[in-house]
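Working notes, beginning with the structure itself.
Read the figures in this text as sums done on the coordinates, not as results from a lab. The structure presented is a predicted model; accordingly, all values stated were derived computationally and were not measured. Don't worry about glycine lacking a Cβ; one is built from the backbone with ideal geometry, like all the others, and counts go over all protein chains shown.
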Amino acid sequence: MKVSHYFEWEEYITGGHHQSVQNQRKILDRRGIEYTTDPDLDADLLHLNNMGPKSIYYAKRARRAGVPVVVHTHQTAEDFRESFAFSNLLARPMKPYLRYAYSLADHLVCPSEYNRRVIEEYADAPTTVISNGFDPEMLAGVDDGDLRAEYLDRYDLEPPVVFNVGHVIERKGLASFVETARRMPELDFVWFGYLNPAGGDLDRLLRSRNTKKLVESAPDNCTFTGYVEDIRGAYAAGDVFFFPTKNENEGMALLEAMACGKPPVVRDIPTFGWLEDGEECLKASEEFVAELESLTDEDRRDRIGRAAEEKSREFRLDAVGDDLEALYRRVA
């Protein structure tokens, strides 16, 4: 079997979307499945990871040629809102566009049950839920005491550290992160990651006015690191993973934090229905102070962290790979 595994605009997309595609390719490499990253209609299956105009063009051609088309539903209009400047405006035409794009698939891959429920409003193609997963090898060395000490010192952090990982955007719960830090001056809060996915000169263009205001007005105990080259340092330095995102297709950083034994505090939204409140995480709707305060107790932190780590094993690449390979063989 040969798979055409195409990721349109690959050179521009970062974050969880990009990492998901890399995870898929690691699965293919490890299982000896032949693939090309070009949109090649001589393949047995066309797997599209970003439905730009070129992907739509090749999806149409593939269907005419009898090549099965698998599409990953990384994007929804709901998930796009409150991301970057003009994202709320662009989300309006995005939904009908994605409805058309997803309708070209023979099979849709959804990263979570929540995402699948949303996608049911977009297209009636068959769906399979396959987690984006995480690669445990990428997290090797997180428990290294020297790495932890290095990152605590670099950002002047005092444990227990409340942290987040990912792009700094409003949808991820930026306002809640900043305001909770303001209400808990005795704790250090740190957000590891880009201030936007492009960085550099595009930073001023893509960051919304409100995002800039929130970051600039953050209290002294709230740090934004910008891009971190070795993300293991973030998971080494952090003690409680605070993820107040308003909408998420899955949340890869959450899976990675759990795998490192970091107890998560998340917003109580449908995306996280698979997590048991009080056991593998703590959930809150709007106010997070009480939940974070309870995790300053080391025993409680360790107990929930251990349960989170155990739950994360379901999302390792080996397990996810079984599902992806089975789908390929069924569709092709």
* Which of the GluC sites (Glu not before Pro) found in segment 86-147 are in a DSSP loop and have at most 13 neighbouring Cβ atoms, other than their own, within 10 Å? -> 120, 121
* Label-zone membership for segment 223-246, site residue 156, 7 angstrom Cα→C-beta point, backbone N under 18 Å -> 223-226
* **Calculated from backbone phi, Karplus (6.51, -1.76, 1.60) coupling profile of segment 226-234 in Hz, x at Gly/Pro** => x, 4, 10, 5, 10, 5, 4, x, 5
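Let me have the 222 nm mean residue ellipticity of the chain computed from DSSP H runs of 4+ only, each contributing -39500 (n - 2.57), with the sum over all residues rounded to the nearest 500.
On the way: 14 runs with 138 residues, N = 332.
Dividing the helical sum by the residues of the chain leaves -12000 deg cm²/dmol.
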* Structure fact -> Computed for segment 137-315: size of charge dipole around the Cα centre, +1 on C-beta of each Lys and Arg, -1 on C-beta of each Asp and Glu, debye to nearest 20, value 860 debye
* Asked: Check residue 261: other-chain or 5+ apart residues with amide H under 5 Å from its amide H, H built from backbone geometry?
  -> 309
* To do: Rank 69, 289, 109 by mean-square fluctuation in a GNM of the chain with C-alpha springs under 10 angstrom and give only the top-ranked residue.
  => 289
* **the chain, relative contact order [Cα under 8 Å, separation at least 6], %** => 17 percent
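How much of the DSSP beta bridge set in the chain is antiparallel, as a percent to the nearest 5? If you can, show how the numbers build up before the last one.
Working: 1 of 36 bridges.
In the chain, approximately 5 percent of DSSP beta bridges are antiparallel ones.
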* In segment 215-265, what GluC sites (Glu not before Pro) fall in a loop by DSSP, with at most 12 other Cβ atoms inside 10 Å? -> 229
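Cut-off is 10 Å between beta-carbons; in what order do 103, 285, 131 appear when sorted fewest neighbours first? Write out the running numbers ahead of the final one.
Details: 103 14, 285 8, 131 22.
Neighbour counts put them in this order, fewest first: 285, 103, 131.
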* Evaluated at q = 0.21 Å⁻¹: base-10 log I(q)/I(0), Debye formula over Cα of segment 1-150 -> -1.42
* **Helix 145-154 axis, angle to the chain major axis (alpha carbon atoms, nearest 10°)** => 80 degrees
* Asked: What ³J(HN,Hα) values, in whole Hz, does the Karplus curve 6.51 cos²θ - 1.76 cosθ + 1.60 give for segment 298-303 when θ = phi - 60°, with x put for Gly and Pro?
  -> 4, 5, 5, 4, 5, 5
* To do: Mind giving me the nanometre distance, one decimal, between the label points for residue 329 and residue 9, set 7 Å out from Cα along Cα→Cβ?
  => 3.5 nm
* Of all the C-alpha pairs in the chain, what % are more than 27 Å from each other? -> 45 percent
* Degrees separating the helix 317-331 axis from the principal Cα axis of the chain, which is the longest one -> 20 degrees
* Taking H as built 1.01 Å from N, whose amide H comes closer than 5 Å to the amide H of residue 129, not counting residues under 5 places away? -> 110
* Any chance you could give the angle, 0 to 90 degrees and rounded to 10, that helix 53-65 forms with the longest Cα principal axis of the chain? => 40 degrees
* To do: Using the Karplus curve 6.51 cos²θ - 1.76 cosθ + 1.60 with θ = phi - 60°, work out ³J(HN,Hα) for each residue of segment 180-195 in order, rounded to whole Hz, and write x for Gly and Pro.
  => 5, 4, 5, 7, 10, x, 6, 10, 8, 10, 9, 10, 8, x, 4, 6
* Per DSSP, loop GluC sites (Glu not before Pro) in segment 1-83 with at most 11 further Cβ within 10 Å -> 11
* What value does segment 137-315 have for Rg/Rh, both radii from Cα atoms and Rh as Kirkwood defines it? -> 0.93
* If you take the beta carbon distance between residue 314 and residue 42 as r and set R0 to 22 Å, what does 1/(1 + (r/R0)^6) give as a FRET efficiency, to the nearest 0.05? -> 0.05
* Roughly what % antiparallel, to the nearest 5, for the DSSP beta bridges in segment 137-315? -> 5 percent
* What do you get when you divide the Cα radius of gyration of segment 209-332 by 2.2 N^0.38 Å, with N the number of residues? -> 1.21
